[in-house]
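Below is one structure, written out as structure tokens; the observations come after it.
The values are calculated or read from the model by the stated rules, or taken from the named source; none is laboratory data. Note that this is a predicted model, so its numbers are computed, not measured. No Cβ is skipped: glycine too gets one built from the backbone with ideal geometry, and neighbour counts run over all protein chains shown. SASA here: full protein model, heavy atoms, side chains in, ligands and nucleic acids out. Shrake-Rupley method; radii C 1.70, N 1.55, O 1.52, S 1.80 Å.
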There are 2 protein chains.
Amino acid sequence: MTQKIDNDALTKERILDKAEFLFSQKGYHAVSVREITKAARCHVGAVNYHFGSKKNLYLSVFRDRWLNRALRMQQFFRDSLPDRESPTPAEVVRALAQAFIGGPLSDEERLRHHQLMAREMAKPSEALDMVGEEGMKPFFKELVLRLGPAMPEGIGRDRMMLNILSIFAQVLYFNFARSAVTLIAGREYDREFNAMLVEHIIEFSLNGLGGTSEESRG
Amino acid sequence: MTQKIDNDALTKERILDKAEFLFSQKGYHAVSVREITKAARCHVGAVNYHFGSKKNLYLSVFRDRWLNRALRMQQFFRDSLPDRESPTPAEVVRALAQAFIGGPLSDEERLRHHQLMAREMAKPSEALDMVGEEGMKPFFKELVLRLGPAMPEGIGRDRMMLNILSIFAQVLYFNFARSAVTLIAGREYDREFNAMLVEHIIEFSLNGLGGTSEESRG
DNA sequence: TTGACATTCGAACAGTTGTTTGATACAAAC
DNA sequence: GTTTGTATCAAACAACTGTTCGAATGTCAA
């Protein structure tokens, strides 16, 4: 009764995958259900059958895809930290940047991930509430705890949050604003440029954090 | 023959204004012509009469509104620079950040401005080409010229561009991602928080630039 | 007043939107 | 075999999309 053998779950999964791709590329309203089903090689009713509505399909993308990836990146970040008790801020920032720029995600996955989030930030929906509570907030709290004790003394909680946000700002920007960066920098996102970006964000962020370490020359 | 006396030009201007507001808030596809005309208190045909098409209305928003504001901010930046021959990178960055965060724009104008651009970067259209060529590229070239001679020696052109992009990344982010920042930071964008943001971006950017000055405590 | 003009209005256009429905196919349980 | 539950498919739904059209309106020049 649950599923046939093969094509059943696959159809739902195909829809989810194509929907995520198209939503990330064009945004919610610019993508029609028919465009999704065409890409997923199924019929229009399939979306409402499997997900109830277009809106719910969009939420499912965040629940079943985005959140998983976010947690994977967070785990990668923890595994990248040195074994010692209290890593230096520099080490935390480096692990953070590497997890979110390099990390466990393929280039294409990362592009989807950050474009979806950028759109969600530009016009928040229930999706942001959900992944915000279950994915972003807890991780942010964790970051504050890790960075807190070792930060330049006297720095306020507010100031520290802003620092972390500035790091995410760059990670997000250099992913979702690729076209503008390409236009301005006159460079494509090839392997070499990607590597340069990683190094730049790490260095810029380490310095920005307060120049707490000479490790910034990475 | 050209215009009536009053309501003529005003209708076109009202459409442009409401269109800009709605486009910046929801994005191109999420806004219907009827929604715009309803907000502008005119009739559906008015858009096609005055602008030809919805797409052209969108382009007009960038041509007649966005570009003007960009140029105004750039001029404000120049006027903020000290009179001396070659301002230090710190002075340039400070003038830059202040022009784009504070500057000649009202809070609401700035919000519109950066949200429009963020959307355009997420999915570029002809609009980005246009304002890219006429607004962004020339200003970027100017920045490179101003910063170039005084930067930490040996820094590559590429690296310098990335530094500037990282500054813009923050300016853009803290404007278009207000909801996420509010969610994470637990603070509204009140006057106090805005002031803190300005100071943070300047400090973070000055440090990120390479810690070239102790002025960073500004 | 007359004519020319630009603008407004209301209605309608054809096309697309998300969603619903009923028929059909198919596998597993009885 | 029959029954049961699930998935696929095609057709249709009403609502909305951007755009076009012709009549009406108001304003200026002659």
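From A:61, A:31, which residue is surrounded by 20 or more Cβ atoms within 10 Å (Cβ to Cβ), at pLDDT 95 or above, among the aliphatic types (A, V, I, L, M) and part of a loop (DSSP other than H, G, I, E, B)? Spell out the reasoning first.
Numbers: A:61 fails: part of a loop (DSSP other than H, G, I, E, B).
It is A:31.
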Exercise. Of the conditions (1) within 21 Å of residue A:100 (Cβ to Cβ); (2) at the interface with chain B (Cβ under 7 Å from one of its Cβ atoms), residue A:184 fails just one. Which one is it?
Worked result: (1)
Problem set entry | Residue tally, condition modelled with pLDDT under 80 and open to solvent by less than 40 Å² (accessible area, probe 1.4 Å), over the stretch A:148-178 | 3
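Of everything in the stretch A:52-67 that's in contact (Cβ under 8 Å) with a residue 40 or more places away in the chain and within 15 Å of DNA strand D (Cβ to nearest atom), which residue is nearest to the chain's Cα centre (by Cα)? Spell out the reasoning first.
The initial filter retains those residues of the stretch A:52-67 that are in contact (Cβ under 8 Å) with a residue 40 or more places away in the chain, namely A:57-67.
Still in the running and within 15 Å of DNA strand D (Cβ to nearest atom): A:57, A:60.
On the way: A:57: 19, A:60: 16 Å.
Applying the filter and picking the extreme gives A:60.
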Seminar exercise, completed: Filtering the stretch A:180-189 for residues that are at pLDDT below 90 and part of a helix (DSSP H, G or I) leaves a count of 3
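From the list A:128, A:111, A:116, pick out the single residue that is open to solvent by 40 Å² or more (accessible area, probe 1.4 Å), within 14 Å of chain B (Cβ to nearest Cβ) and within 15 Å of the chain's Cα centre (by Cα). Outline the logic, then answer.
Numbers: A:128 fails: open to solvent by 40 Å² or more (accessible area, probe 1.4 Å); A:116 fails: open to solvent by 40 Å² or more (accessible area, probe 1.4 Å).
Criteria check complete, one pass: A:111.
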Problem set entry | Some residue of the stretch A:192-209 being within 20 Å of the chain's Cα centre (by Cα), of a type in the set (A, V, I, L, M) and farther than 19 Å from residue A:98 by Cβ | no
Exercise. Restricting attention to the stretch B:6-29, does a residue exist that is within 13 Å of DNA strand C (Cβ to nearest atom), touching a Gly at 6+ places or on another chain (Cβ under 8 Å) and without any contact (Cβ under 8 Å) to a residue 12 or more places away in the chain?
Worked result: yes
For this session: Can you tell me which residue among A:120, A:91 is assigned by TED's automatic domain parsing to the domain that holds residue A:204, farther than 30 Å from residue B:26 by Cα and in a helix (DSSP H, G or I)?
Result: A:91
Exercise. Given (1) open to solvent by 20 Å² or more (accessible area, probe 1.4 Å); (2) part of a helix (DSSP H, G or I); (3) within 16 Å of DNA strand C (Cβ to nearest atom); (4) free of Cβ contacts under 8 Å to residues at least 40 places away in the same chain, where does residue A:43 come up short, assuming only one miss?
Worked result: (2)
Problem set entry | Selection from the stretch B:49-83 of residues that are in contact with a Pro (Cβ under 8 Å, 6 or more places away or on another chain) and either farther than 28 Å from residue B:98 by Cα or of a type in the set (A, V, I, L, M, F, W, C) (or both) | B:73, B:76, B:81
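Do we find that residue B:165 is facing chain A (nearest Cβ under 10 Å) and within 27 Å of residue A:26 (Cα to Cα) in this structure?
For residue B:165, the condition - facing chain A (nearest Cβ under 10 Å) and within 27 Å of residue A:26 (Cα to Cα) - is met.
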Exercise. Mind checking which residues of the stretch A:35-51 are of a type in the set (D, E, K, R) and either within 21 Å of residue A:127 (Cβ to Cβ) or within 9 Å of DNA strand D (Cβ to nearest atom) (or both)?
Worked result: A:35, A:41
Problem set entry | Candidates B:142, B:85 - the one that is within 20 Å of residue B:164 (Cβ to Cβ), in the same structural domain as residue B:169 (by TED's automatic domain parsing) and acidic (Asp, Glu) | B:142
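Filter the stretch B:73-106 down to the residues that are open to solvent by 70 Å² or more (accessible area, probe 1.4 Å) and in contact (Cβ under 8 Å) with a residue 60 or more places away in the chain and list them by number. Let's see the steps before the verdict.
At the first step, the residues of the stretch B:73-106 found to be open to solvent by 70 Å² or more (accessible area, probe 1.4 Å) are B:75-76, B:78-79, B:83-86, B:98.
The answer is B:86, B:98.
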